[in-house]
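All remarks here apply to the structure that follows.
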Amino acid sequence: MRVISMESQFERARTLTREGKLADAEALLRQLLKRSPREAVLLAELAQVLARMGRREQASFFAGQAGES
């Protein structure tokens, strides 16, 4: 079984974001947050993805969570 590090998965999410595959990036970031729910970098990246998707209220929530972490 191949284990993929959180760092490489996070980089994959960032690549998906740059490629405009925002729904895929969101799904991957949410999976990572299940493992590390208070990780500020993940929360901030998810906030940026949601903002780009026009989901400003959710983006604001996650940005606030990132600031508290």
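The values are calculated or read from the model by the stated rules, or taken from the named source; none is laboratory data. Here the structure is a predicted model, which is why all the values come from computation and not from measurement. In this analysis, Cβ positions are derived from the backbone assuming ideal geometry, glycine residues included, and neighbour counts consider all displayed protein chains. Just the protein is used for accessible areas: all its heavy atoms, side chains included, with ligands, DNA and RNA removed. Shrake-Rupley method; radii C 1.70, N 1.55, O 1.52, S 1.80 Å.
One line per residue, one yes/no per condition, for (1) loosely packed, with under 13 Cβ neighbours inside 10 Å; (2) acidic (Asp, Glu):
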position: Ser5; (1), (2): yes, no
position: Arg14; (1), (2): no, no
position: Glu19; (1), (2): yes, yes
position: Glu26; (1), (2): no, yes
position: Leu42; (1), (2): no, no
position: Leu46; (1), (2): no, no
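If only residues of the range 28-40 that are part of a loop (DSSP other than H, G, I, E, B) and open to solvent by less than 90 Å² (accessible area, probe 1.4 Å) are counted, the one that is farthest from Gly64 (Cα to Cα) is Ser36. Are there any pairs, at least 6 apart or on different chains, whose C-beta atoms fall under 9 Å, with the first in the range 38-61 and among the basic types (Lys, Arg) and the second outside any helix (DSSP H, G or I) and at pLDDT 95 or above, and if so, which? Sorted first by the residue in the range 38-61, then by its partner, the pairs are Arg52/Gly20.
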